[in-house]
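What follows is a short report on a single structure.
The values are calculated or read from the model by the stated rules, or taken from the named source; none is laboratory data. Bear in mind the structure is a predicted one, so any value in this text is a computation, not a measurement. All Cβ positions, glycine included, derive from the backbone under ideal geometry; neighbour counts span all protein chains shown.
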Amino acid sequence: MALKITLKLTRSIYKIIDMTKIPKVILLIDTSRAYGRGLLRGIAKYSNLHGPWIFNWRPPFYRETGREEIALSQLKDWSGDGIIIREQKKTIEIISMGLPTIVAPWREPFPGVANIITDSVAIGRMAAEHLLHRGFRHFGYCGFGDMFYWSRERSEGFSKRIAEAGFKTHFYQQPKSRAQRLWEKEQILLADWLKSLPKPIGLMACTDDRSRDVMEACKIAGLNVPVEIAIVGADNDEIICNLSDIPLSSVAFNVEKAGYEAAELLDELMAGKKMADQRILVRPTHVVARQSTDILAISDKEVAEAVRFIRRHSREPIQVRDVVDAIALSRRSLYQRFHRVLGRSPNEEIRRTRVEQITRMLVETDLSVKKIALALGFSDAAHIARYFRQEKGLSLIEYRKQYGRK
């Protein structure tokens, strides 16, 4: 009996000792937006697979006046082993605590620590591609000027891709005066700018919140979305995008994967790896198309109908002859008019639209390649693999590893 009690006490002591080895991680990440929630999902996934970790976190105190100093004292009391933080007013002071730290900055990256950085140039290019494929010939960009480096980079990526296609971009110039940037005043300026643009126009806003600003300004200006102005944002925050009267299209990111990689790196830092200027990249994966870009700005009615047919049947193994049968045009005429209006062939449009479906299934689901192939009407996994690589230059596995869920 005494031996059993001793063994039980010994196991309890070992359990207590093991508990002291569990890393304590401080999370200062705002949960009110999809970006922060995506990071947290990735961090939780890593902890579940490789932990456990003990998390210390609080609601976003930095939005509550006068609580920053209390929060800093709380951080010291928490005795954490590492921190992952979304940039806030006290970020530099928090970094100076000397704990292994990873920052997701709003502005410029912080030197000497690891940063989670969005590939904003690629985000801008993806938004441009989305609007170009809808046949627009006029384009605009609405950001925050030079206030945020990522807004500037998204603008550069967007306008460069538009220029490569032979078009120019109209830029909204945000007022420099703080008084003029109050929304009650700025929305009038934004509405006037929108009215001055050539129509129809495809417009990128730097975030989903900025997309909603544009949408509200369109109401004031009496402009029809998407007939006169098609809007695409970035972040794919479903609450923000669907809160609008007209649901907003948006570029989606692989934020959850970045959260997983941030946790993986923090684990290494807490184990003794030197903290330096490591970068974790958040990449765009695809555009989630909603009503704000649900239009084809194509003046040629037959070409527009052909494109609609291709998109309606994008989950089926259609061929150009199926398009010809559905549209009152000869094969030769269809090719000529596609090249004149869109600068690409019907076959290229079919391939691009089909690959877009494959891409969505790769990044949004955990389905095997075989099941994706069957769902999209491919004969086998080898066929879909060749098809995808010809368009993307990556294998299906490589693409999912780089852009999909971790």
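Does Lys401 satisfy being basic (Lys, Arg) and more than 21 Å from the chain's Cα centre (by Cα)? Judged against the criteria, Lys401 is not a match.
Filtering segment 350-388 to residues that are farther than 22 Å from Ala252 by Cβ and either touching a residue at least 12 places away in the same chain (Cβ under 8 Å) or part of a helix (DSSP H, G or I) (or both) leaves Ile350, Lys370, Ala373, Leu374, Gly377, Phe378, Ala381, Ala382, His383, Ala385, Arg386, Tyr387.
The residue of segment 300-329 that is nearest to Phe136 (Cα to Cα), among those that are in contact (Cβ under 8 Å) with a residue 60 or more places away in the chain and outside any helix (DSSP H, G or I), is Arg315. Only a single item in (1) assigned to a loop (DSSP other than H, G, I, E, B); (2) free of Cβ contacts under 8 Å to residues at least 40 places away in the same chain is not met by Arg137, and it is number (2). Here segment 192-224 is the region considered, the condition is being part of a loop (DSSP other than H, G, I, E, B), hydrophobic (A, V, I, L, M, F, W, C) and surrounded by fewer than 24 Cβ atoms within 10 Å (Cβ to Cβ), and the residue that is modelled with the lowest pLDDT is Leu223.
Do you know which of the residues in segment 92-106 that are among the aliphatic types (A, V, I, L, M) and part of a loop (DSSP other than H, G, I, E, B) is nearest to Ile116 (Cα to Cα)? Top of the filtered list is Leu99. Here's a check for you: in segment 68-91, which residue that is part of a strand (DSSP E or B) and within 27 Å of Ala205 (Cα to Cα) is modelled with the highest pLDDT? Per the stated criteria, the residue is Ile85. Among the residues of segment 316-333, are any charged (D, E, K, R), crowded, with 18+ Cβ neighbours inside 10 Å and under 26 Å from Tyr403 (Cα atoms)? There is no residue in segment 316-333 that is charged (D, E, K, R), crowded, with 18+ Cβ neighbours inside 10 Å and under 26 Å from Tyr403 (Cα atoms). Scanning segment 107-128 for residues that are in a helix (DSSP H, G or I) and touching a residue at least 40 places away in the same chain (Cβ under 8 Å) turns up Ala122, Ile123, Gly124, Met126, Ala127, Ala128. Only residues that are out of contact with any Pro (no Cβ under 8 Å at 6 or more places or on another chain) and buried (at least 17 other Cβ atoms within 10 Å of the Cβ) were counted across segment 361-378, and they come to 6. Residue pairs whose Cβ atoms lie under 6 Å apart, separated by 6 or more positions or on different chains, with the first residue in segment 43-54 and under 15 Å from Glu268 (Cα atoms) and the second buried (at least 17 other Cβ atoms within 10 Å of the Cβ) and of a type in the set (Phe, Trp, Tyr), are Tyr46/Tyr260; Ser47/Trp53. Kindly indicate the residue of segment 114-145 that is aromatic (Phe, Trp, Tyr) and in contact with a strand residue (DSSP E or B) (Cβ under 7 Å, 6 or more places away or on another chain) and also farthest from Leu197 (Cα to Cα) among those meeting that condition. Looking at residues that are aromatic (Phe, Trp, Tyr) and in contact with a strand residue (DSSP E or B) (Cβ under 7 Å, 6 or more places away or on another chain), I get Phe136. Working only within segment 97-148, note down all residues that are more than 18 Å from Arg210 (Cα to Cα) and β-branched (Val, Ile, Thr). Matches in segment 97-148: Thr101, Ile102, Val103, Val113, Ile116, Ile117. Any residue at all in segment 113-128 that is surrounded by fewer than 15 Cβ atoms within 10 Å (Cβ to Cβ) and either over 30 Å from Lys301 (Cβ atoms) or out of contact with any Lys or Arg (no Cβ under 6 Å at 6 or more places or on another chain) (or both)? No. In segment 188-205, the residues that are assigned by TED's automatic domain parsing to the domain that holds Lys219 form Cβ pairs under 6 Å with partners that are of a type in the set (D, E, K, R) and surrounded by fewer than 24 Cβ atoms within 10 Å (Cβ to Cβ), at six or more places apart or across chains, as follows: Lys199/Glu228; Pro200/Glu228.
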